[in-house]
Number of protein chains: 2
Amino acid sequence: MISYIMMTFNTKLVSSLDKKQTRLCVGLDSRYDKIPEDMRQGSIKDTVFYFNKQIIEATQDLACVYKMNVAFYAGFREEGLEALQLTNEFLHETYPDIPLLADCKNSEMGESVNMIKQEMFDWLGFDCVMVTPWFGFDTVREYLDDEYHGVCVYVHDSNPSASEFQDLELKDGRKVYEVVADHVAKKWNMNGNVFVEAGVTYPDALRKTREIIGEELPLLVAGVGPQGGKVEALQGLFGKNTYRLAVNSSRGIIFAGIGKPDYFSAVRNAAITLAQTIDAVAKQS
Amino acid sequence: MISYIMMTFNTKLVSSLDKKQTRLCVGLDSRYDKIPEDMRQGSIKDTVFYFNKQIIEATQDLACVYKMNVAFYAGFREEGLEALQLTNEFLHETYPDIPLLADCKNSEMGESVNMIKQEMFDWLGFDCVMVTPWFGFDTVREYLDDEYHGVCVYVHDSNPSASEFQDLELKDGRKVYEVVADHVAKKWNMNGNVFVEAGVTYPDALRKTREIIGEELPLLVAGVGPQGGKVEALQGLFGKNTYRLAVNSSRGIIFAGIGKPDYFSAVRNAAITLAQTIDAVAKQS
C-alpha cells in the first residue's frame, strides 16, 4: 500500500521543511575510508550501509532532506553504489516523506537524461538530481514531464573559484548567476519540480538569489561549517514562513562523532545544534 | 612490460591525432536497447561488450580517440558499468595508444575529485574526464598533479540551448565562453593535460574558441551529423599541421549498420566517409 499522496517534488520538499521545522539537509557523504575502523562490517558495502543506517536513525526526525554526493559512493566501485542503493531503499521504506537528493552534477541533455533517470531514480532510488546550468534549458527539459522527481540547479556555489564565471558582469549590469536564477525561477520551474542551490560563502549572491527567485521557491544552501560560511548570513533569506530554505551540512554532522565516546549521540547533537543556530537567526528575520 | 612511454595526456592525444590523421573521435555511446536484437548475447553486460569489441575492431585504425558517455552505461546499472569497464580494459590491453575519454560531466571539486579519479580512472579505466567549467578552477585543480590523465572542458557546447548562458555578453564586450576558453588555455593547462570541447553547430563560437586557445591545443568538436553541424564550418580551425582537432561522431558511426547486410562494414564505411569529408575540408584550410 502506498501510504503517501503523490506530490510534485517541490511540494514534497516544502512539506518536509514545514513539518520538521529544522531547515536541515543532512549530507550523507559517507566516504568509506573515513568511517571509523571500529564500525567496519567486513565489506565496504556492509560498512557504508551500516554507518548510514545509524546516521539516519540518529537524524531522521531532524533531517528535512538527505543529500548524497554520488562520487563518494562510486569511488568505491560496485560495492559503494550498492551501499548507496540500499541506503535509499531503506530510507524510502522507513521514512518515505524525506526527499533524497543526488548530488551528482550529471548535467546531461536529450536522450542521455533518460539514462540518468534510469540510473539515479530507477536504480539508485533518488527523488531529485543536482545539475549545473552550463548547457542551458536542455539540461532540465527532459525532467519536466515527471514532476514527482526534482532538479536542483547550482545557481551560485560556495567553493572558492565559484565567482570565476558565475560572477562575471554582463553588459546589462547583472551577473551571470543572476540570469541563471531568473531562468530557473521564471522559466524552468513550470511544473513545480525545479529549485535552486546557492552558497552562504557568497552572502551577497545568496541575498540576490533569494530576491530573484521570490519567497516561495525552496533554496538549498551550501557552505556552512568547514567551508567557512556563517549561518548569520542567512538572515532575511528564509522565504515564506521562514521555511523555504534548507541548510546542507555533511562532514560537520556525519563525522561529528569521531573521537567521541558515543559516536551517534554526537552526530545527533551536531544536527540539533546546527538546527538551533539556524532557528535563532530565522527568528530574527 | 609497459611498451609505451608515459606522456602527458595532451601529448598522448596529439600523438594519436598526428599518427592516425583521420581526426576522428568515435563515440561509443552503446545504449543497450539500441543494439540490434540479433547481436544479443544473453546478458546486458555481454551484449554491450560484444558490440563494443566489434565496433572497436572495425574502427581502431581510424579512431584517434574513443569517447564514452558514461550515462549510456550507468543507465543499465551494474551490468552496464561492467561492460564499460571491460571495454576500456580491452582497449588498454589491445590498443594502448588510443586515449579514452569519459563523457561524464562530473564537475566535482576538492576531495570529491579524488573519488571521481577512483571511479573514472582506477575502476572504469578512462584516461580523461569531461567537465563543465561552471564552478571555475576548483573543478580542474585536483587533476593537475597527474598529467597522464586529462580533463576536457566544455567551452561552448553544440546543443540548442548552449547559447543561453555561454553566449551572454559581458561588460568588456566578450562572451562568457570566451573567458572560459581563455582561462583553460592560459591558466588551467599548466601541466599539459587540459584541453577544450566546442560545438560545430555554433561556427562563430568555434572559430573564436580556436582563436583564443591558439594552434597547439587540441580541440574536440561535437555536433556533426544528427545534431546538424556541418564539417565545412571547420575550415581553418584544424590547428597546427591541421592535426589539432578531433571530430566526435557517436550514433552516426556506431549505429550506421542498422538495416545494412553487413553491420560492421557499414560502421567502418561511415567512419571512413566522415574522415574523408573532414580531410577534404582540412586540405582547403
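The values are calculated or read from the model by the stated rules, or taken from the named source; none is laboratory data. These numbers come from a predicted model, not from an experiment. A quick note on method: Cβ atoms are made from the backbone with ideal geometry, for glycine too, and the neighbour counts reach across all protein chains shown.
Below, the figures for the structure above:
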item: Qualifying residues in segment A:167-187 (those that are surrounded by 24 or more Cβ atoms within 10 Å (Cβ to Cβ) and more than 7 Å from every other protein chain (Cβ to nearest Cβ)) - the one farthest from A:Lys240 (Cα to Cα); result: A:Tyr177
item: Residue that is farthest from A:Phe126 (Cα to Cα), among those in segment A:33-46 that are surrounded by 20 or more Cβ atoms within 10 Å (Cβ to Cβ) and in contact (Cβ under 8 Å) with a residue 24 or more places away in the chain; result: A:Ile44
item: Any pair with Cβ under 6 angstrom, 6 or more apart, that starts in segment B:77-100 at a residue that is more than 14 Å from B:Cys128 (Cβ to Cβ) and ends at one that is modelled with pLDDT under 95 and surrounded by fewer than 18 Cβ atoms within 10 Å (Cβ to Cβ); result: B:Pro96/B:Tyr4
item: Any hit, segment B:140-147, residues being crowded, with 23+ Cβ neighbours inside 10 Å, in contact with a helix residue (DSSP H, G or I) (Cβ under 7 Å, 6 or more places away or on another chain) and facing another protein chain (nearest Cβ under 7 Å); result: no
item: Candidate set: segment B:148-166, residues that are aromatic (Phe, Trp, Tyr) and facing chain A (nearest Cβ under 10 Å); chosen: the one nearest to B:Gly125 (Cα to Cα); result: B:Tyr154
item: Hits in segment A:125-134 - residues which are assigned to a loop (DSSP other than H, G, I, E, B) and either free of Cβ contacts under 8 Å to residues at least 40 places away in the same chain or at the interface with chain B (Cβ under 9 Å from one of its Cβ atoms) (or both); result: A:Thr132, A:Pro133, A:Trp134
item: Check on A:Gly192, in contact with a Ser or Thr (Cβ under 7 Å, 6 or more places away or on another chain), touching a residue at least 60 places away in the same chain (Cβ under 8 Å) and under 24 Å from B:Met109 (Cβ atoms); result: no
item: Wholly enclosed strands (runs of 3 or more DSSP E) of segment B:185-285 bearing at least 1 residues at pLDDT 95 or above and under 26 Å from B:Lys53 (Cβ atoms); result: B:219-222, B:245-249
item: Output for segment A:23-32, where each listed residue is within 25 Å of A:Tyr50 (Cα to Cα) and touching a residue at least 60 places away in the same chain (Cβ under 8 Å); result: A:Leu24, A:Cys25, A:Val26, A:Gly27, A:Leu28, A:Asp29, A:Ser30
item: Selected residue [among the aromatic types (Phe, Trp, Tyr), within 12 Å of chain A (Cβ to nearest Cβ), surrounded by fewer than 24 Cβ atoms within 10 Å (Cβ to Cβ) and closer than 27 Å to B:Glu164 by Cβ] from B:Phe121, B:Phe137; result: B:Phe137
item: Residue satisfying all of: in segment B:193-238; within 17 Å of the chain's Cα centre (by Cα) and on the phi > 0 side of the Ramachandran plot; surrounded by the fewest Cβ atoms within 10 Å (Cβ to Cβ) among these; result: B:Gly225
item: Residue in segment A:95-117 that is nearest to the chain's Cα centre (by Cα), counting only those that are at negative phi and among the charged types (D, E, K, R); result: A:Asp103
item: Criterion: within 24 Å of A:Gly75 (Cβ to Cβ), surrounded by fewer than 19 Cβ atoms within 10 Å (Cβ to Cβ) and under 20 Å from the mean Cα position of the chain (by Cα) - qualifying residue of B:Glu89, B:Glu78; result: B:Glu89
item: Residue that is closer than 27 Å to A:Thr47 by Cβ, at the interface with another protein chain (Cβ under 9 Å from one of its Cβ atoms) and of a type in the set (Ser, Thr, Tyr), where the choices are A:Tyr66, A:Tyr73; result: A:Tyr73
item: Residue check, A:Leu28 crowded, with 24+ Cβ neighbours inside 10 Å and either within 20 Å of A:Ser265 (Cα to Cα) or within 9 Å of chain B (Cβ to nearest Cβ) (or both); result: yes
item: Total residues in segment A:90-112, condition touching a helix residue (DSSP H, G or I) at 6+ places or on another chain (Cβ under 7 Å) and away from every other protein chain (no Cβ under 14 Å); result: 6
item: Verdict on B:Asp204 being among the acidic types (Asp, Glu), without any contact (Cβ under 8 Å) to a residue 12 or more places away in the chain and over 18 Å from B:Thr132 (Cα atoms); result: yes
